[in-house]
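**Student:** Here you go, one structure.
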Number of protein chains: 2
Amino acid sequence: MARQRAIYQRIADELRADITAGTLREDMRLPTEAELAQRWKTSRATAVQGLKVLVNEGLIVADRPRGYFVRKRRPMVYRPQAEFRIPEPDADIFRQRIADEQDSREPSQKIEVAISSPSKTVQRRLHIDAKTAVAVRRRMRSIDGDPFNLNDSHVPLSLVEGTDWMSPEDVPRGTNRVLAELGYEIIHSVDEIMVRMPTPEESSRLALGPGTPVAEHIVTGYARRDGRETPVQVTVNILPGDRHVIIYDRVREGESA
Amino acid sequence: MARQRAIYQRIADELRADITAGTLREDMRLPTEAELAQRWKTSRATAVQGLKVLVNEGLIVADRPRGYFVRKRRPMVYRPQAEFRIPEPDADIFRQRIADEQDSREPSQKIEVAISSPSKTVQRRLHIDAKTAVAVRRRMRSIDGDPFNLNDSHVPLSLVEGTDWMSPEDVPRGTNRVLAELGYEIIHSVDEIMVRMPTPEESSRLALGPGTPVAEHIVTGYARRDGRETPVQVTVNILPGDRHVIIYDRVREGESA
DNA sequence: CATTACACATTGACTAGTCAATGCACGGCC
DNA sequence: GGCCGTGCATTGACTAGTCAATGTGTAATG
């Protein structure tokens, strides 16, 4: 016979079942630690251990000292491909959101531009070494004050020095348009998506609860120079798992997709 | 002045810094709970709490009773688009892997075919209700005995009843080819990618350590019937975050991408 | 009536232990 | 030399508490 399942596991199992079955619905309050301890005839520490399991699964949050609550998940649509379709890439996600849902919440973004030495990630993708300076355009996009993604674009400094690309303001025609005007039109992109737990820095910048994974979406943009495809821009997006669905459209015709 | 950071947080911070700085490398052993407790002049429970933080971040694993070890992350390439390019979609990921790395480890898959009532997820995407039976083709793909993804395809039963699609064996020419032969060639797909923590069932089926998020990759395939695009197949892939990078290629030409 | 002060319930951090399960190294035995 | 048993270090589960921080509702106060 299989070994007895631990008490804290059984507590977690029962509560999880209640959540998936709908007995416990979004935003509803869970029993307190003390109540659970009593009901299962165990110590508070064990009840806490059970609750922590669900916290780490991203199913509940502790709102101290009000209690534990079932977490709500309202993902918004994120379409990497949109930037190839609509003139103003930057505005797109917001439009998407506003189109999808009627609620006209306040979108906002904070832009920061810096010059720095490229990280390993950027070096490899731009085919440059650590000594080649890059311009970095960091954006944090929020809705109603709630941050919902981080977006850092990296371009070799020599390509964009002194241009609008480096303006720490919104560029209405889009930074990709700026690159195109400079002779670096992005004609091909490679998207990489990795899934992991956030670093503490990401966690605090995005105000993530524990148990919230992120998708790291890296877009390498290639332009044609001297008849060859050359990488010109690497954009790293950090998307909280509880706030996004990433969508791609693929068609068979044309061998692309 | 900001409130004092908790001891367990500081323990986690220090160890995390050692890992990202490379002082603690992959597969290296961490100090024991007792050592940490002593070094920080605290109780074992607090040291454990600090280690748990890193476990839940997916940075370390506890291998009882040998100790805690820095986790290794060896993602393999996953290309959803490949199935539109190479005749045998099923074989592709394996080929990819074998091409990328020389190590010829043993790929294998377990296939199961069932008839069932569609889940909400499938209903919505196939435009059917719970009363319409679907054929489900479940695959678990492994390398060297290590499971690395789950892949469940759903098709309305009426389309594939009695065909090769329902054979619980590998279909060398690919199940999408079978669909095409039946007059349901998939000409358009929509990919959705969601990021979340695994359910306990996924966790055990894929042998996931704690702190490992998954990507849920849902592909809805559309075929042309009577001049209209109709959804014919929904495939749900569960990809462990520590074992995958999802890659998409996008080109500007042809308005697709 | 409105505003403030306070008690309370609840989670967060922590202490100081106990007992169980289990790889692993080492010593003894054939 | 090879096999086996045993002890040990280490993590897993758990007990039974303490003190601190903090929203919330209630009671006291002007």
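**Student:** Of everything in the range A:179-198, what is away from chain B (no Cβ under 14 Å) and in a loop (DSSP other than H, G, I, E, B)? Give them in sequence order. Outline the logic, then answer.
**Tutor:** Initially, the range A:179-198 is screened for residues away from chain B (no Cβ under 14 Å), giving A:181-183.
Matches in the range A:179-198: A:182, A:183.
**Student:** Right, something else. Within the bounds of the range A:191-210, is there any residue that is within 29 Å of residue B:223 (Cβ to Cβ) and under 16 Å from the mean Cα position of the chain (by Cα)? Before the answer, list the steps.
**Tutor:** Of the residues in the range A:191-210, the ones within 29 Å of residue B:223 (Cβ to Cβ) are A:191, A:193.
If we keep only those that are under 16 Å from the mean Cα position of the chain (by Cα) too, we end up with A:191, A:193.
Within the range A:191-210 (the criterion being within 29 Å of residue B:223 (Cβ to Cβ) and under 16 Å from the mean Cα position of the chain (by Cα)), the answer is yes, since at least one residue qualifies.
**Student:** While we're on this one: Tell me which residues, restricted to the range B:204-254, are facing chain A (nearest Cβ under 9 Å) and small (Gly, Ala, Ser).
**Tutor:** Scanning the range B:204-254 gives B:211, B:215, B:241, B:254.
**Student:** Return the pair list, or none, for Cβ contacts closer than 6 Å from residues in the range A:34-62 that are touching a residue at least 40 places away in the same chain (Cβ under 8 Å) and of a type outside the set (A, V, I, L, M) to residues that are away from DNA strand C (no atom under 12 Å from the Cβ) and assigned to a helix (DSSP H, G or I), at least 6 apart or on different chains.
**Tutor:** A:49/A:8; A:50/A:8; A:50/A:11; A:50/A:12; A:56/B:56
**Student:** Considering only the range A:48-65, state which residues are β-branched (Val, Ile, Thr) and either more than 10 Å from chain B (Cβ to nearest Cβ) or farther than 16 Å from residue A:37 by Cβ (or both). If you could, list the steps in order and put the result at the bottom.
**Tutor:** Going residue by residue through the range A:48-65, those that are β-branched (Val, Ile, Thr) are A:48, A:53, A:55, A:60-61.
Those that are β-branched (Val, Ile, Thr) and either more than 10 Å from chain B (Cβ to nearest Cβ) or farther than 16 Å from residue A:37 by Cβ (or both): A:48, A:55, A:60, A:61.
**Student:** Which of the helices (runs of 4 or more DSSP H) contained wholly in the range A:1-87 include at least 1 residues that are among the small types (Gly, Ala, Ser), within 16 Å of DNA strand D (Cβ to nearest atom) and under 20 Å from residue B:211 (Cα atoms)?
**Tutor:** Working: elements: A:7-21, A:33-39, A:44-56.
Of the helices (runs of 4 or more DSSP H) lying wholly inside the range A:1-87, those with at least 1 residues that are among the small types (Gly, Ala, Ser), within 16 Å of DNA strand D (Cβ to nearest atom) and under 20 Å from residue B:211 (Cα atoms) span A:7-21, A:44-56.
**Student:** Same structure, new question: How many of the residues in the range B:10-19 are out of contact with any Pro (no Cβ under 9 Å at 6 or more places or on another chain) and either among the basic types (Lys, Arg) or within 14 Å of DNA strand C (Cβ to nearest atom) (or both)? Steps first, please.
**Tutor:** Start the filter on the range B:10-19 by keeping residues that are out of contact with any Pro (no Cβ under 9 Å at 6 or more places or on another chain), which leaves B:10-11, B:14, B:17-19.
Within this subset, residues satisfying the condition of being either among the basic types (Lys, Arg) or within 14 Å of DNA strand C (Cβ to nearest atom) (or both) are B:10-11, B:14.
Matching residues across the range B:10-19 total 3.
**Student:** Give me the residue from the range B:124-153 that is acidic (Asp, Glu) and modelled with pLDDT of 95 or more and, out of that set, surrounded by the most Cβ atoms within 10 Å (Cβ to Cβ). I'd like the intermediate steps shown before the answer.
**Tutor:** Step one: filter the range B:124-153 for residues acidic (Asp, Glu), giving B:129, B:144, B:146, B:152.
Next, from what is left, pick out any that are modelled with pLDDT of 95 or more: B:129, B:152.
Working: B:129: 9, B:152: 19.
Checked the range B:124-153; the qualifying residue surrounded by the most Cβ atoms within 10 Å (Cβ to Cβ) is B:152.
**Student:** Still on this structure, please answer the following. When you check residue B:176 against the structure, is it closer than 30 Å to residue A:244 by Cβ, modelled with pLDDT of 90 or more and in a strand (DSSP E or B), yes or no?
**Tutor:** Numbers: closer than 30 Å to residue A:244 by Cβ: yes; modelled with pLDDT of 90 or more: yes; in a strand (DSSP E or B): no.
In short, no.
**Student:** Checking the structure you have, find out if any residue of the range A:207-224 is aromatic (Phe, Trp, Tyr) and part of a loop (DSSP other than H, G, I, E, B). If you could, list the steps in order and put the result at the bottom.
**Tutor:** So the first thing to find is which residues in the range A:207-224 are aromatic (Phe, Trp, Tyr), and the list is A:222.
Those left that are additionally part of a loop (DSSP other than H, G, I, E, B): none.
Checking the range A:207-224: not a single residue is aromatic (Phe, Trp, Tyr) and part of a loop (DSSP other than H, G, I, E, B).
**Student:** A further question follows. With the structure loaded, tell me whether residue B:27 is at negative phi and either out of contact with any Gly (no Cβ under 6 Å at 6 or more places or on another chain) or in contact (Cβ under 8 Å) with a residue 24 or more places away in the chain (or both) or whether it fails that test.
**Tutor:** Criteria not met by residue B:27.
The values are calculated or read from the model by the stated rules, or taken from the named source; none is laboratory data. Keep in mind that what you see is a predicted model, and the values were worked out from it rather than measured. All Cβ positions, glycine included, derive from the backbone under ideal geometry; neighbour counts span all protein chains shown.
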